[in-house]
């Protein structure tokens, strides 16, 4: 576990990964978690700060994502962004309603003194995207920024370390947005900013080595970024204890199957089994036009081919699949719509 962790709590926003990226660019370790995770799960991470993402819903709709009110009582700094800011207001006794004027696009806001706006111009351009607005902030808070059409573009309770912005500081269109995020991380959360991705990789490899020990590992390899990174990290951790099964489904680019085989077998010196299943996949896909149906057929056949090859190998102790955040979210960690 990292000493300094910031949690991005995802409420279905399209920029959740971008927020996490911006935090990591400040050399602060960050994880994205769905709002469906319990408050106990969040506390286990021992975060120094929490960021609520935006989202497409209205907080006053009962079906919209909400969260346990006690999260605001943990003493952990929280920054609410867009929907996250409305959720904070709604949960703590403020009021959110449909805005008389919706805002979308570059908008100039006027800021006032705040830890969040240190080294930020009094008048600065941010990216707005909302149809609801906060027309009453919770008791104990003060408004720290406004625009022509948004009387509450930012508000805070400095004593409780609760901050909220109606706009999206994480996107490039918010001219000084990254400075605002830095201010939250360093001025409010007290982050040191000494985390590096290279350190994370080394620690992950060491953790894999300790967990696997002398065990045998089987990795499903497609040739894509997800599984390729997982395979290389595992190889660095356990060497020849790893066997990769590369399923060539006939849908790769010209010569790509040979390039994958050469890279992993000859350059990385990884134990590699190549299953040439091009005819099998193309036969199953013949005549199918609907993209989602194609995706499911490919996924199903990949598993069947992989299973057949795995049986030839015999007993293994660990099965590995490389997966990136968007796949995790689409598979049920959040409420994201099908995106492929």
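Just checking, which of 301, 290 is modelled with pLDDT of 90 or more and either surrounded by fewer than 16 Cβ atoms within 10 Å (Cβ to Cβ) or closer than 20 Å to residue 205 by Cβ (or both)?
Criteria check complete, one pass: 290.
Among the numbered criteria (1) modelled with pLDDT under 90; (2) over 24 Å from residue 65 (Cβ atoms); (3) surrounded by 17 or more Cβ atoms within 10 Å (Cβ to Cβ), which single criterion is violated by residue 329?
Evaluating residue 329 over (1) modelled with pLDDT under 90; (2) over 24 Å from residue 65 (Cβ atoms); (3) surrounded by 17 or more Cβ atoms within 10 Å (Cβ to Cβ) leaves (2) as the failure.
Mind listing whichever residues of region 304-324 are surrounded by fewer than 16 Cβ atoms within 10 Å (Cβ to Cβ) and in contact with a helix residue (DSSP H, G or I) (Cβ under 6 Å, 6 or more places away or on another chain)?
323, 324
Rundown of residues vs (1) within 29 Å of the chain's Cα centre (by Cα); (2) closer than 20 Å to residue 314 by Cβ; (3) without any contact (Cβ under 8 Å) to a residue 24 or more places away in the chain; (4) not in a helix (DSSP H, G or I), yes/no style:
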{"position": "206", "(1), (2), (3), (4)": "yes, no, no, no"}
{"position": "209", "(1), (2), (3), (4)": "yes, no, no, no"}
{"position": "239", "(1), (2), (3), (4)": "no, yes, yes, no"}
{"position": "251", "(1), (2), (3), (4)": "yes, no, no, yes"}
{"position": "266", "(1), (2), (3), (4)": "no, no, yes, no"}
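Can you pull out the residues in region 158-182 that are surrounded by fewer than 18 Cβ atoms within 10 Å (Cβ to Cβ), closer than 25 Å to residue 138 by Cα and in contact with a helix residue (DSSP H, G or I) (Cβ under 8 Å, 6 or more places away or on another chain)?
Correct list: 158, 160.
crowded, with 19+ Cβ neighbours inside 10 Å, in a loop (DSSP other than H, G, I, E, B) and touching a residue at least 40 places away in the same chain (Cβ under 8 Å): which single residue out of 56, 47 fits that description?
So the residue among 56, 47 that is crowded, with 19+ Cβ neighbours inside 10 Å, in a loop (DSSP other than H, G, I, E, B) and touching a residue at least 40 places away in the same chain (Cβ under 8 Å) is 47.
Of all residues in region 31-44, which are buried (at least 18 other Cβ atoms within 10 Å of the Cβ) and more than 14 Å from residue 6 (Cα to Cα)?
Scanning region 31-44 gives a single hit, 35.
Given 253, 274, which one is exposed (fewer than 13 other Cβ atoms within 10 Å of the Cβ) and under 23 Å from residue 295 (Cα atoms)?
The conditions single out 253.
Are any residues in region 59-87 assigned to a helix (DSSP H, G or I) and touching a residue at least 40 places away in the same chain (Cβ under 8 Å), and if so, which ones?
If the condition is that a residue be assigned to a helix (DSSP H, G or I) and touching a residue at least 40 places away in the same chain (Cβ under 8 Å), then 72, 83, 84, 85, 86, 87 are the ones that fit.
The values are calculated or read from the model by the stated rules, or taken from the named source; none is laboratory data. Remember, it's a predicted structure, so these values are computed and weren't measured experimentally. Note that each Cβ is placed from the backbone with ideal geometry, even for glycine, and that neighbours are counted across all protein chains shown.
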